[in-house]
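Below is one structure, written out as structure tokens, with a few remarks after it.
The values are calculated or read from the model by the stated rules, or taken from the named source; none is laboratory data. This one's a predicted model, so the numbers in the text were calculated from it and none came from an experiment. Side chains included, ligands, DNA and RNA excluded: accessible areas come from the protein's heavy atoms. Shrake-Rupley method; radii C 1.70, N 1.55, O 1.52, S 1.80 Å.
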Amino acid sequence: MSIALLIAINPPKEIAENIVKIRKFISQKTGKNTYGSHDPHITLSVNSFPNFSDVEKRVLSVLKKHKSFSAKIEGLHTFPFDPIFKTNTIVYKVERTPTLAKIQEEIVNAVNPIRTEDQVKWLLKQNPNPPKENMKNIRKYGYPFGPKDWIFHASVGSVSNEHYEEIWKKIQKYDLSKSWRVDNVSIFIHLGDDGFKLFKKYKL
């Protein structure tokens, strides 16, 4: 039995609070919110693994080479076709910088050899025929996107076309850009219906 783990950085407090507010609004409007139960986060890697300690060791071996760095939220953004849920996914987009891209690529390459196939099976159950490029990444990394084509973001929620325009208009008051200092990386653990919850923080 494998466990689902997510390695991520935490968004600034104000952005995390906004994510919670927007999610409430989405679930009131639509009756559901795909990402509603996860703690707010900016994913670096997410996968299924045989255990926690092997992942932790590999993450720590990467983090010891890195210092704290600056990151920037660029504002609200929509991925118009989410290959997992086939909906519009609203996010706070994060600026792609060489530092952020490097730390992510190193983490993905460090943990990829020990991932299990459980996440791949789950992904293909959601969408058995993802676009060719996504399928290549699923086979290689166990996820539809690899480090080269990754767009850094904090997910807010997925919304069908039917509700999208109205929701997008209403949430513009939460649109903001913000720079902050990233001084730790966290591992989140998947707790069934409660989604990914923050489990442990590691200082840079």
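Structural remarks
- When a 1.4 Å probe is rolled over the protein heavy atoms, the share of accessible surface on the range 84-149 that falls to carbon and sulfur comes to 55 percent.
- Put simply, the amide H of L204, placed in the peptide plane, has neighbours under 5 Å in N184, V185, leaving out anything fewer than 5 places away on its chain.
- Computed over the chain, the per-residue total of -39500 (n - 2.57) for DSSP H runs of n ≥ 4 gives a 222 nm mean residue ellipticity of -11000 deg cm²/dmol, rounded to 500.
- Cα centroid separation - the range 117-196 against the range 1-64, whole Å: 9
- Here the 3J(HN,Hα) profile of the range 99-110, calculated from phi with Karplus coefficients 6.51, -1.76 and 1.60 at θ = phi - 60°, is 5, 5, 4, 5, 5, 5, 4, 5, 5, 4, 5, 6 Hz, Gly and Pro shown as x.
- Phi-derived couplings, Karplus 6.51 cos²θ - 1.76 cosθ + 1.60 at θ = phi - 60°, listed residue by residue for the range 137-148: 5, 4, 5, 7, 10, x, 7, x, 10, x, x, 5 Hz, with x used for Gly and Pro.
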